[in-house]
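Dropping a structure here in structure tokens format, bear with me for questions.
The values are calculated or read from the model by the stated rules, or taken from the named source; none is laboratory data. As the structure is a prediction and not an experimental result, all values here were calculated from the model. Virtual Cβ from ideal backbone geometry, glycine too; neighbours counted across all protein chains shown.
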Amino acid sequence: MTCNQCSAFPQDDRPHDHCGVFGIFSEGMDVARLAYFGLFGLQHRGQESAGIAVADGKIISIHKDMGLVSQIFDETILQDLKGHIAIGHNRYSTTGSSLLKNAQPFVSESKWGPIAIGHNGNLINTGELRAEMEAQGEVFDSSSDTAVMASMIARSSADTIEEAITDMMVKAKGSYSLVVLTADKLIGVRDQYGIRPLALGKLNGSGYVLSSETCSLNLTGAKFMREVEPGEMVIIDKTGITEIQAVPMVRHSLCVFEFIYFARPDSMMYDKTLHMVRRRMGHELASEHPCPNAHMVMPVPDTGTPAAIGYAQASRIPYGEGVIKNRYVHRTFIQPDQRMRAQGVQMKFAPLKEALAGKRVVMVEDSIVRGTTTGPTIKMLRDAGAREIHVRISSPPIKYPCFYGIDMANQQELIAAMNPIEDIRKHIGADSLGYLSIKGLVRSIGVKRDHFCMACFDGKYPIAVPEEMRVSKFAHEGFCARPED
């Protein structure tokens, strides 16, 4: 869960991903610097903390802190991180409070020497695994599920680090993409369902890169090779790369919100460039929910922009900007007072009054979670002179909570779980409201529906969720998790 002491300013109604992970093996290159740029490219996946661990064949050096990548690292720190292997991590907390002790990578001692681990995802059996490790004498000073995974690997009785990681993968239930660092190896693994992404790239000359998204490969000069498969382990050392199926793949279940919102638009997943997929979402949205009398199609920037372009293309309604985004509003440790909190939307967006005056506007947004920021945005547009505001959402209604590493609220906080679309329209103050259908979403991506987790839309969870977790997130009788078909 997230910590109120580190809340976004202004408050953001979008879902948030858990983390971004990055790993690099390259002899003769400044891997700490490349890891820095890799994390810089993954900053959108987590803004609460960041860390880099570097190995030189004997020891592991690490630096991590709270804040943004550019705030945590400077030339002096990077020069002290010497070695030829590195992993990095950006964090947005969903399991464990937003505290420095939960910042990653985690470093543990093992019979193979020091190991460091970075994790993107969320386990659903952390309590059970934690109790098992505590019974063996482990004492945790972190509330993160990643600490439990690191302990399981470090305390393993297996003969090799690869076998220890495999044993952990067999027991861990939930979503995880991991980068693991030893004194002389870089290892990447992905859970049996592939819920969280992990890409593999090759550097010019010798060396390899692992990253949550391909956009970071581009920043480090690496060429995209392929995605790591569900249940696969990739081992990189001085002999080259070894790829093994550590645990059987159950099915592809990539979180569909990677395509809708999480991943950067210049990233690729399933061989699709996300910007183009999001434009096709706009095409489908225009077909399903036309607004022929509108004067302008405008996005809620930045994530609504590709879909708005697509909507304008398909509808032949002119595309325009109705608001300007303040790109320097980030997560902060400085708490706003109530007056400033009430100005949240105005802190993030500034309306273009001349562009909006007297216009019937189609406002394209990627999602509505709680409905707490869409209404104020609409009011801001009306105050700026817009005559009508027709809201179009480039994803289906979010009706079910996520258990796999997305900060998306409990079910009673999900406005679409509790209200019909007409009531949502009235609540946010729109003249009309239309969501993209699941079928339209699948057509936009061009990949079969069974390759995704869409539980937040349809309640079909690919990994069975423990009853105690379901009870904590489902609001009232009548709403429940539906088992995957």
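Name the residue, out of 200, 254, that is within 26 Å of residue 168 (Cβ to Cβ), under 16 Å from the mean Cα position of the chain (by Cα) and either hydrophobic (A, V, I, L, M, F, W, C) or surrounded by fewer than 24 Cβ atoms within 10 Å (Cβ to Cβ) (or both). Don't jump to the end; show me each part of the working.
Working: 200 fails: under 16 Å from the mean Cα position of the chain (by Cα).
Answer to the check: 254.
Could you grab the pairs with beta carbons closer than 7 Å, sequence gap of 6+ or different chains, first residue in segment 371-382 and on the phi > 0 side of the Ramachandran plot, second one hydrophobic (A, V, I, L, M, F, W, C)?
Within 7 Å, the pairs are 371/415; 371/424; 371/428.
Do we find a residue being part of a helix (DSSP H, G or I) and modelled with pLDDT under 95 anywhere in segment 219-233?
Yes.
Quick one: which of 440, 405 is modelled with pLDDT under 95 and surrounded by 20 or more Cβ atoms within 10 Å (Cβ to Cβ)?
Checking each option against the conditions leaves just 405.
Name, by its number, the condition in (1) within 19 Å of the chain's Cα centre (by Cα); (2) free of Cβ contacts under 8 Å to residues at least 24 places away in the same chain that does not hold for residue 188.
Checking residue 188 against (1) within 19 Å of the chain's Cα centre (by Cα); (2) free of Cβ contacts under 8 Å to residues at least 24 places away in the same chain, the one that fails is (2).
Return the pair list, or none, for Cβ contacts closer than 8 Å from residues in segment 298-314 that are of a type in the set (Asp, Glu) to residues that are in a strand (DSSP E or B), at least 6 apart or on different chains.
302/325
Just to be sure before I move on: is residue 243 under 30 Å from residue 461 (Cβ atoms), without any contact (Cβ under 8 Å) to a residue 12 or more places away in the chain and either among the acidic types (Asp, Glu) or part of a loop (DSSP other than H, G, I, E, B) (or both) in the structure I sent? Walk me through it before giving the result.
Values: under 30 Å from residue 461 (Cβ atoms): yes; without any contact (Cβ under 8 Å) to a residue 12 or more places away in the chain: yes; either among the acidic types (Asp, Glu) or part of a loop (DSSP other than H, G, I, E, B) (or both): yes.
So residue 243 passes the test.
Give segment 40-96 a look and list any residue that's outside any strand (DSSP E or B), among the aliphatic types (A, V, I, L, M) and more than 15 Å from residue 20 (Cα to Cα), or say none.
Start the filter on segment 40-96 by keeping residues that are outside any strand (DSSP E or B), which leaves 40-48, 56-59, 67-84, 92-96.
Going one step further and asking which of them are among the aliphatic types (A, V, I, L, M), we end up with 42, 59, 68-69, 72, 77-78, 81.
Matches in segment 40-96: 59, 72, 77, 78, 81.
For the structure I just gave you, tell me whether residue 46 is surrounded by 24 or more Cβ atoms within 10 Å (Cβ to Cβ) and out of contact with any Cys (no Cβ under 8 Å at 6 or more places or on another chain).
no
Moving to a separate point now. Check segment 120-143 and report whether any residue there is crowded, with 24+ Cβ neighbours inside 10 Å and within 24 Å of residue 221 (Cα to Cα).
Yes: segment 120-143 contains one or more residues that are crowded, with 24+ Cβ neighbours inside 10 Å and within 24 Å of residue 221 (Cα to Cα).
In segment 255-288, what residues are outside any helix (DSSP H, G or I) and without any contact (Cβ under 8 Å) to a residue 40 or more places away in the chain?
271, 273
Which pairs do you get when a residue that is under 11 Å from residue 70 (Cα atoms), found in segment 32-50, comes within reach of a residue that is among the β-branched types (Val, Ile, Thr) and not in a helix (DSSP H, G or I), reach meaning Cβ atoms under 8 angstrom, with the pair 6+ apart or on two chains?
Note: pairs meeting the criteria are 36/52; 39/52.
When you check residue 184 against the structure, is it charged (D, E, K, R), in the same structural domain as residue 144 (by TED's automatic domain parsing), at pLDDT 95 or above and within 22 Å of residue 255 (Cβ to Cβ), yes or no?
No: the conditions fail for residue 184.
So, in segment 330-367, of the ones that are in contact with a Pro (Cβ under 6 Å, 6 or more places away or on another chain) and of a type outside the set (D, E, K, R), which residue ends up modelled with the lowest pLDDT?
344
I would also like to ask the following. Where residues in segment 97-120 are outside any strand (DSSP E or B) and hydrophobic (A, V, I, L, M, F, W, C), which of them is nearest to residue 262 (Cα to Cα)? Walk me through it before giving the result.
Quick first cut of segment 97-120, residues outside any strand (DSSP E or B) only: 97-105, 111-112.
If we keep only those that are hydrophobic (A, V, I, L, M, F, W, C) too, we end up with 99-100, 103, 112.
Numbers: 99: 23, 100: 24, 103: 20, 112: 36 Å.
So the residue we want is 103.
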